[in-house]
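The values are calculated or read from the model by the stated rules, or taken from the named source; none is laboratory data. Remember, predicted model here, so these are calculated numbers, not experimental data. FYI the Cβ positions are ideal-geometry reconstructions off the backbone, even for glycines, and counts take in every protein chain you see.
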Amino acid sequence: MSNNHAKLETSPRLQAVKAVLADGRWHTTRDIMLGSNTVSPAACVAELRSNGLVVLSQCTRQSNGRNLWQYRLVSDKEIKAANKLGTERPTERPTEAKQLDFLRTTTIGTAAIKT
């Protein structure tokens, strides 16, 4: 994974996206665009993940044939709860590869995983 991402502590753009996702609910790319005044929510989500945050994604096919992407920030409280459930997941923040495994092995959220 590259280190060419903005730091959450110094990036108003990433802080704005995190603020939109902070309620722990699912948000569409449009929600994030409008709430954070950014034009590339998926890139911002990738940067949040690079900063160590756990952001779940799900994609659903709409009746018009288009895909609808949604994102949800997982709180520290949820991560601790998942650890208590006995999931085989380390207590530190997962890398992007571990996030997929984390989704497969926990009951947090209802992310639809396409592999």
Going through segment 60-84 one residue at a time, which ones are closer than 27 Å to residue 12 by Cα and not basic (Lys, Arg)? 68, 69, 70, 71, 73, 74, 75, 76, 78, 79
Test each condition in (1) on the phi < 0 side of the Ramachandran plot; (2) at pLDDT below 95; (3) surrounded by fewer than 16 Cβ atoms within 10 Å (Cβ to Cβ) for residue 24 and report the one that comes out false. (1)
Quick one: would you say residue 104 is basic (Lys, Arg) and either under 27 Å from residue 12 (Cβ atoms) or at pLDDT 90 or above (or both)? no
Please verify whether segment 49-61 includes one or more residues that are at pLDDT below 95 and more than 17 Å from the chain's Cα centre (by Cα). yes
In segment 20-38, which residues are out of contact with any helix residue (DSSP H, G or I) (no Cβ under 7 Å at 6 or more places or on another chain) and either of a type in the set (S, T, N, Q) or farther than 16 Å from residue 69 by Cα (or both)? 22, 23, 28
Residues of segment 33-42 being modelled with pLDDT of 95 or more and small (Gly, Ala, Ser), which ones? 35, 36
What tally of residues in segment 1-21 results from selecting those that are surrounded by 12 or more Cβ atoms within 10 Å (Cβ to Cβ), touching a residue at least 24 places away in the same chain (Cβ under 8 Å) and of a type in the set (A, V, I, L, M, F, W, C)? 5
